[in-house]
Amino acid sequence: MKTVILAGGYGTRISEESILKPKPMVEIGGKPILWHIMKQYSAYGVNDFIICCGYKQHVIKEYFANYFLYNSDITFDFSAGKNDVIVHRDSTELWRVSVIDTGLDTMTGGRIKRIAPYLNGESFFLTYGDGVSDVNIRDLYAFHRKTGGLLTMTCVHPSSRYGNLDITEEGHVRSFREKNAEDVGWINAGFMVCENGILDYLTDDTTVFEREPIERCAADGKMNAFRHEGFWQCMDTMREKEMLERLWKSGEAPWKVWEN
């Protein structure tokens, strides 16, 4: 079963980094966040990936083209007048990675539609290239099979960043409540499972997957939500990148499920 990762956006809210590279290539602990996401799926035996690229897609292609070189200890021996390469330690992954240029300005639904020929009519995992989680992929897939929909979306209930004020029209504060998870409803966390039939809801490059396709799928009663109470964090801003970096350096990154 394949995992489709949406990795083609401009990443304008983290422009300090994305001016040089696509957001999925912004590093946490010296590795692109894309690598962290793939490692999570790989921990559950999912090793076939389709990366939907757009903005600065050559950076992603070059990374995987040189992945073996970057992750092995190698001696380059020119002493005999030849270019002999000796590999001492190979720590590469058992991954099959298709890096597909889905267009510079294509919307999310359009990107998924463009990679349809690579799906071979099969169901697939789908997520974004900028969020990490400790969601159990095996449990997610079992839930999807049990509920029998076209689309299962992982949803999370994150804490609000700010306290809530109850204010009268005159400006008096009736009450104040510090930020609480109950202040924010369930939101889309990515980490989806899709049946191939979801492609029928997609039209062209202008299709935003999170709007009409998902709305129609839900209205048709073919969409289910997998509630995740554990860790999830997107990386939209430098503040969020720095928070993920601190977690990684502390040795307490919850999404590092491949070491469990």
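Take PHE64 and decide whether it is touching a strand residue (DSSP E or B) at 6+ places or on another chain (Cβ under 9 Å), more than 23 Å from ASP139 (Cβ to Cβ), surrounded by fewer than 16 Cβ atoms within 10 Å (Cβ to Cβ) and of a type outside the set (Val, Ile, Thr).
no
Can you tell me which residue within segment 55-96, out of those that are of a type in the set (Lys, Arg) and in a loop (DSSP other than H, G, I, E, B), is modelled with the highest pLDDT?
Ranking the candidates gives LYS56 first.
Answer yes or no as to whether ASP105 is out of contact with any helix residue (DSSP H, G or I) (no Cβ under 8 Å at 6 or more places or on another chain), acidic (Asp, Glu), over 16 Å from MET223 (Cβ atoms) and not in a helix (DSSP H, G or I).
yes
In segment 145-259, which strands (runs of 3 or more DSSP E) lie fully inside it and hold 3 or more residues that are modelled with pLDDT under 85 and over 18 Å from the mean Cα position of the chain (by Cα)?
164-167, 173-177
Which pairs turn up if I take residues in segment 206-232 that are closer than 17 Å to ILE187 by Cα and look for partners that are charged (D, E, K, R) and surrounded by 12 or more Cβ atoms within 10 Å (Cβ to Cβ) with beta carbon separation below 7 Å, at least 6 apart in sequence or on another chain?
That search, which allows pairs on different chains as well, returns GLY230/ASP134; PHE231/ASP134.
Need pairs with beta-carbon distance below 7 Å; first residue closer than 24 Å to ASP73 by Cβ and within segment 84-102, second modelled with pLDDT of 85 or more and of a type in the set (D, E, K, R); sequence gap 6+ or separate chains.
ASP84/ASP77; ILE86/ASP77; HIS88/ASP73; ARG89/ASP73; ARG96/ASP48
As an exercise: evaluate LEU20 against (1) among the aliphatic types (A, V, I, L, M); (2) more than 21 Å from LYS249 (Cα to Cα); (3) not in a loop (DSSP other than H, G, I, E, B) and give the number of the one condition it does not meet.
(3)
The values are calculated or read from the model by the stated rules, or taken from the named source; none is laboratory data. This is a predicted model, so every value here is computed, not measured. Please note: Cβ atoms are built from the backbone with ideal geometry, for glycine as well, and neighbour counts cover all protein chains shown.
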